[in-house]
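The values are calculated or read from the model by the stated rules, or taken from the named source; none is laboratory data. Since the model is a prediction, treat every value here as computed from it, not as a measurement. A quick note on method: Cβ atoms are made from the backbone with ideal geometry, for glycine too, and the neighbour counts reach across all protein chains shown. The protein model used for the area step is the full one, side chains on, heavy atoms only, and it has no ligands, DNA or RNA in it. Shrake-Rupley method; radii C 1.70, N 1.55, O 1.52, S 1.80 Å.
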Amino acid sequence: MGPENLVPEMKAVVEEVLKSYPEKTAKNRAKHLGVGSPDDETKTCAGVQSNKKTVPGVMSQRGCAYAGSRGVVWGPIKDMIHISHGPIGCGQYSRAGRRNYYIGTTGVDTFVTMNFSTDYQEKDIVFGGDKKLKAAMAEIDELFPLNNGISIQSECPIGLIGDDIQAVAKAYKKESGKPTVAVSCEGFRGVSQSLGHHIANDMIRDEVLPDNSYKKDFESTPYDVAIIGDYNIGGDAWSSRILLEEMGLRVIAQWSGDATYKELTIAPKAKINLLHCYRSMNYVVRHMEQEF
């Protein structure tokens, strides 16, 4: 099929998608959809709007605060289990949308591509889901005993009804003895996923970096570096690591693609941070520079 036939066919697809929406929503979403081709000189897609506030319930590739925390910063940490606390849709969407490659045995000691959700229902919105969250974490530790910690990634309803996930996490951490971090990253908090990066990094600053369990046995060298803000999407962090190690440097942490909880805790021991994605990780790098 030539390009001249492709554009009309794709326009028909867009029209079909818009028909499934109510009239008001379809009018709004039409601004975000367009059809073009490599040799389209009319620049059909030039008017497509982006960087607009996300609409709750309408999935788009450029996400919300939850997507920035769950999908970008916390999700690739491979030996922790990340619960999407809320209805099932957001958890499934965040699990399926990114290619954060990792080494390990899925379901045994690595969990990146698995979907853990508290699967909120209407009764949970009415009565709260604290007990359901605690039960989910207990079930996780029973089924996957090799996990090295749990993070709770809150979806929109959690903030709207006021579930105290921080208290639940604190109590479960004391009971289990494992890192348990609650991240209040409800999607409605941010226009895009950028604020979610910041919220996620704040919790790493407060809960992970102060953890000295692995620092005491760590032996530093003058050549220790950390790769910060690389999520190993398609394996890119592996390439960077190979080049750095061939230069004679020792990469002690990758944040957070193919990373472990231990790597996050020892990162302040690095002599320098090599920052890849400034937008998502500048906050935590500045904190390490000031504090360590």
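Once you have a ≥ b ≥ c as the square roots of the Cα gyration tensor eigenvalues for the stretch 113-162, tell me rounded if a/c is under 1.5, and otherwise prolate or oblate according to whether a/b is larger than b/c.
Taking the square roots of the gyration eigenvalues as a ≥ b ≥ c, the stretch 113-162 is prolate.
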Helix 3-19 sits off the longest principal axis of the Cα atoms of the chain, rounded to the nearest 10 on a 0 to 90 degree scale, by 80 degrees
Between residue 63 and residues 5 or more places away or on another chain, the pairs with built amide H atoms under 5 Å apart involve 193
Of 21, 172, 102, the most mobile residue in a GNM of the chain (C-alpha springs, cutoff 10 Å) is 21
Carbon plus sulfur, as percent of the 1.4 Å-probe accessible area of the stretch 229-269, comes to 57 percent
Amide H neighbours of residue 110 at under 5 Å, excluding residues fewer than 5 places away on the same chain, with H built from the backbone geometry, are 105
Between the Cα axis of helix 194-203 and the main Cα principal axis of the chain, the angle (0 to 90°, nearest 10) is 20 degrees
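For 11, 215, give the ranking by accessible area with the largest first, probe 1.4 Å.
Reading off the accessible areas and sorting them downward yields 11, 215.
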Put 111, 292, 218 in order of accessible area, largest first, probe 1.4 Å, and you get 292, 218, 111
For 223-234, 270-281, ranked highest to lowest by mean beta-carbon neighbours within 10 Å, the order is 223-234, 270-281
Among 87, 222, 210, the residue with the largest mean-square fluctuation in a Gaussian network model of the chain built from Cα contacts under 10 Å is 222
Under a Gaussian network model of the chain whose springs join Cα atoms within less than 10 Å, the largest fluctuation of 17, 73, 112 belongs to 17
So, over other residues within a Cβ distance under 15 Å of residue 170, counting Lys, Arg +1 and Asp, Glu -1, the net charge is -3
Around residue 222 (Cβ within 10 Å, Cβ-to-Cβ, excluding residue 222; K/R +1, D/E -1) the net charge comes to +1
Residue-normalised 222 nm signal for the chain, counting each DSSP H run of n ≥ 4 as -39,500 (n - 2.57), nearest 500 deg cm²/dmol, is -11500 deg cm²/dmol
per DSSP, antiparallel bridges as share of beta bridges in the chain, % nearest 5, sits at 5 percent
Counting only protein heavy atoms with a 1.4 Å probe and every protein chain in place, the carbon and sulfur fraction of the accessible surface of the stretch 60-114 in whole percent equals 58 percent
Once 185, 64 are ranked on solvent-accessible area with the largest value leading and a 1.4 Å probe, the list reads 64, 185
In Å², rounded to a whole number, the accessible area per residue of the chain with probe 1.4 Å is 54 Å²
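Tally Lys/Arg at +1 and Asp/Glu at -1 over every other residue whose Cβ is under 10 Å from the Cβ of residue 155; what's the total?
Taking every Cβ under 10 Å from that of residue 155, the sum is 0.
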Relative to the chain, whose Cα atoms define the longest principal axis, helix 278-291 and its Cα axis are tilted in degrees, nearest 10, by 20 degrees
